[in-house]
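For reference, the structure is listed below as structure tokens.
Here, each number is a calculation from the coordinates, and none is a lab measurement. Computed from a predicted model, the values in this text were never measured in an experiment. Neighbour counts run over all protein chains shown; Cβ positions are idealised from the backbone, glycine included.
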Amino acid sequence: TEKARLPAGIAYHKSITWEELRRRFHAAFYPVDAVTTARNKLSKLVQTKSCKAYTDKFSELYLQIPDLADSEKRYCYLDGLQSKIQYALRLEFRSQMDTVQFGELTKAALAIDNIAFTTRAQQNTTQNRPRPAQPVPSSGPTPMDIDTTTVTKKDNTTSNGTRKPLTAADKKYLIANKGCFYCRKVNIDH
């Protein structure tokens, strides 16, 4: 066969496999310690929010490690999950934990987390419902709402810590006697 004529400056290259292209691309553009960095991050990764967020981050990291064994992947994934999800997965896959596919493990973890989240959400809505009003006794004293009472203290503050507003007369007096609007003392130089 005849080689096609190429424009000047472009050399003819034989075709390469996808794996070879991937290897060359990684060698040219990937940081030297990317695999080590990904392994370190993977070993320290723990679930702090939803299982979906954890699974997404875990998948992002393990895809950067080409030689990660399935058993190590399962171990690292389980190790970073919240304990209640770990426990449920170990119960579900107790006899096949060493052979379960990673995809099955993540799918089960997501399902368990979704069920737990739904249950928590339902419990929160039932706990936050307003309680029926208690009947007010017809005789005797009624409870007092302490938060609504205000008592003026000597230092011109109320019981909840706010200062009593100055009247026009107070302002005039403080100005005439070089007083402080904050502490309300006269002949003060601060």
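Note on Lys84 and Asn40: their simple-model spin labels are 3.4 nm apart, each label 7 Å out from Cα toward Cβ. If the segment from Leu21 to Asn187 were pulled out straight at 0.36 nm per residue, it would be longer than the present Cα-Cα gap by 51.3 nm. When the Cα centres of the range 14-67 and the range 163-190 are compared, how far apart do they sit, in Å? If you average the Cα positions of each part, the centres end up 68 Å apart.
Hey, rough spin-label estimate for Lys178 and Leu63, points 7 angstrom out along Cα→Cβ, what's it come to in nanometres? Each label point lies 7 Å from its Cα, and together they span 7.5 nm. Along the Cα→Cβ direction, 7 angstrom out, place labels at Arg120 and Asp98. What is the inter-label distance in nm? About 3.4 nm separates the two model spin labels.
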